[in-house]
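A short write-up of the structure that comes next.
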Amino acid sequence: MTSLAIRRWPGALSRTAAMFIKEFLQLRRDRLTFATMIFIPLVQLMLFGFAINTTPRHLPTAVLAYEDSDVGRSILAALRNTSYFDLVQVVRSEADMDHLMRSGRVLFGVEIPAGFERALRRGDRPALLIAADASDPVAAGTALGALDGVVGTALARDRGLPDTTDAVPAFEIRQHRRYNPAAVTSLNIVPGLLGVILTMTMLIFTALSVTREIERGTMESLLAMPIEPLEVMIGKITPYVVIGFIQAALILTFGALVFEVPIAGSLWLLAALSTLFIGANLAIGYSFSTIAQNQLQAIQMSFMFFLPNILLSGFMFPFAGMPRWAQFIGECLPLTHYIRIVRGIMLKGAGFSDLHAEALALLLLMLIAMTFAVRRFRRTLD
Amino acid sequence: MPTARDGNGKAPRNGDIVIDVEGLSKSFDGKQVVRDLALQVRRGQIYGFLGPNGSGKTTTLRMICGLLTPDGGRGTCLGYDILTERDEIKRHVGYMTQRFSLYQDLSILENLEFVARVHGLADPIGAARQAVLRLGLEGRERQLAGTLSGGWKQRLALGACILPKPDLLLLDEPTAGVDPKARREFWGEIHKLAADGMTVLVSTHYMDEAERCHELAYIAYGELLAQGTIPEVIAASQLTTYTVSGPDLNHLAETLLGMPGVDMVAPFGTSLHVAGRDAVALDRTMARIGEGAKLDWRLSSPTLEDVFIDLMSRSQDNFR
């Protein structure tokens, strides 16, 4: 028994070694797999380490002041001093404020009512209104938590005020969590998930489409036929637009039925901009397909593209909390724009006037990817 | 397109020459695959393109139909420039690839309809159905192309190629791995097409197929070594051949190799083909070997295979 096992050993060892050497050689030839092995851990580390911040500071805030007073200024200064609020814009009307919040350009709106200072000096405990975009509860949460300290520090140095004690603050900060007042996670996740799922499936579908022709040997006769690269691309992409639509309809229906996620805005606008988003992702996947040598490479490339989409788009982590470079990368990803669109329409009731910049960005990304793909598509076997 | 064409718009520019290329060269990764190749094929001919594996046959076919850009050289295919008028070439040439390149996961009919639509035929479904009938595949048109046997796959591929009624057919080793009966039928079909005026350029390395061609060209290591009709090619080889039969031919073959005048020895069943270019030296050698031995040896005319194997061995020598 043992002698048999021992006698078998050297054979098993050399066979295992044969396999090992073969795998190693093949791995070494496949440069993209090699690159993936290096790229993915490095990128993950960089993104998680530097870009992602779950307690974001310096969040864009708009101010709507109905009076110009010393007290108002010191309150704004105190807000800025918390380092959570960056006062980026002064608006003149409620409508402007709403527009900024719906389009996602600011996360907070501070409203100082008329006669605030007078009421304060009379000891009437007036209210300061802070509206927060709670469609992303994480981004809004910590900043709102920091508000408690603001009241005291804001007025500490203002001696002309009546008895400010800790027990009874001189004024009240009224928080208004908009769009998702109860901070329900599914309200935040489901719209974003719509974008994530569409990105993943659309990318993979088209990333495989050209490489499949190459791998199965059908590319040669396809190229010998009188068909233009643009015609090939449009013909290959279009069926998946329909599939994307079916997916979107499924997610929205389930979101509404199971998770009670509303669609506050226009369903037609959502459908139109989703088509644009689906198109952008299909075009990007297709352009990967024109670069990749085989289906595995196409999948790897899609995955490498998918990763920053998840991390930098604002789906998982607050976009406003990321450093500039990460935000810049984020702006180049279709998902970032779509998440703003889909949260805007579904939760905030945003209209096209609030979202035209995002729509334009999606259109641009799609056209860039399509142009690249059509130029990359080889018309010969060279 | 500023081309002189007759009423049906299909006549090539320079009369009856369908393919006219010269100086074609192509290399991949620094390795020269085709060098300075010239080829002329006349309308309605079945032109055989012969050569060993890796000799540059496929590369040449691909350059002619616009799938590869030659590094050097120029020429026309159906009167269209192979460098600048590829789109036109693709419209009028049927190219059958070496590897089965129809969609395996589409049915026979669906594949044919796809081809018909890409070529913009007026009634793609009707055209596909007609092709099914012509192929003798009625009743099986819903079968997936991937499930067909090798011979049927080739017939289907040919059927797809001729569906848009091309003026020129390029076939790249169309009968590789196909049984003799299917091969014969395939060639019957090709001759019918040629009789109807289609020009066919077919690459192969089967000698019996070469003999079915009107004219042929032999290419090895990227160079064209012989060209013409079969008698022309054989005459041009200036090969003298003896057929030897008798006992212990294996031993004899070894002895013969290296003797003066003997360039090639090849066993053919129970006999031996001995060939050489130097007729005088070969005659003398054969006379010496034949003496006393119980051998039956006689002068015979060289076969195409003798010629090609001789050409190939010589070219290899040049190559080194």
Notebook entry, point to check: Got at least one residue in the stretch A:235-250 being surrounded by 15 or more Cβ atoms within 10 Å (Cβ to Cβ) and within 14 Å of chain B (Cβ to nearest Cβ)?
Noted result: yes
Item checked: Whichever residue in the stretch B:29-53 is without any contact (Cβ under 8 Å) to a residue 24 or more places away in the chain and not acidic (Asp, Glu) and, among such residues, is nearest to B:Asp167 (Cα to Cα) -> B:Gln40
Next item on the list: Mind listing whichever residues of the stretch A:319-377 are in a loop (DSSP other than H, G, I, E, B) and surrounded by fewer than 22 Cβ atoms within 10 Å (Cβ to Cβ)?
Entry: A:Pro323, A:Cys332, A:Gly349, A:Gly351, A:Phe377
Check: Would it be correct to say that A:Ala292 is surrounded by 15 or more Cβ atoms within 10 Å (Cβ to Cβ), touching a helix residue (DSSP H, G or I) at 6+ places or on another chain (Cβ under 6 Å) and within 13 Å of A:Leu208 (Cβ to Cβ)?
Finding: yes
Next item on the list: Would you point out which residue out of B:Leu121, B:Leu78, B:Leu148, B:Leu83 is modelled with pLDDT under 95, within 12 Å of another protein chain (Cβ to nearest Cβ) and surrounded by 16 or more Cβ atoms within 10 Å (Cβ to Cβ)?
Entry: B:Leu121
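Here is a yes/no grid of residues against (1) more than 11 Å from every other protein chain (Cβ to nearest Cβ); (2) out of contact with any Pro (no Cβ under 9 Å at 6 or more places or on another chain); (3) surrounded by 16 or more Cβ atoms within 10 Å (Cβ to Cβ):
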{"site": "B:Ser25", "(1), (2), (3)": "yes, no, yes"}
{"site": "B:Pro52", "(1), (2), (3)": "yes, yes, yes"}
{"site": "B:Thr58", "(1), (2), (3)": "no, yes, yes"}
{"site": "B:Leu61", "(1), (2), (3)": "no, yes, yes"}
{"site": "B:Gly73", "(1), (2), (3)": "yes, yes, yes"}
{"site": "B:Phe114", "(1), (2), (3)": "no, no, yes"}
Next item on the list: Please state which of the following conditions B:Gln154 fails to meet, knowing it meets all the rest: (1) crowded, with 19+ Cβ neighbours inside 10 Å; (2) outside any helix (DSSP H, G or I).
Entry: (2)
Checklist line | A:Leu267 being surrounded by fewer than 18 Cβ atoms within 10 Å (Cβ to Cβ), without any contact (Cβ under 8 Å) to a residue 12 or more places away in the chain and of a type outside the set (Asp, Glu) | finding: yes
Note to self: Being of a type outside the set (Asp, Glu), part of a helix (DSSP H, G or I) and either within 9 Å of chain B (Cβ to nearest Cβ) or surrounded by fewer than 17 Cβ atoms within 10 Å (Cβ to Cβ) (or both) is the filter here; which residues of the stretch A:213-228 pass it?
What the structure shows: A:Met219, A:Ser221, A:Leu222, A:Leu223
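The values are calculated or read from the model by the stated rules, or taken from the named source; none is laboratory data. Since this is a predicted model, take the numbers as computed values, not measurements. Positions of Cβ are generated from backbone atoms using ideal geometry, with glycine treated the same way; all protein chains shown enter the neighbour counts.
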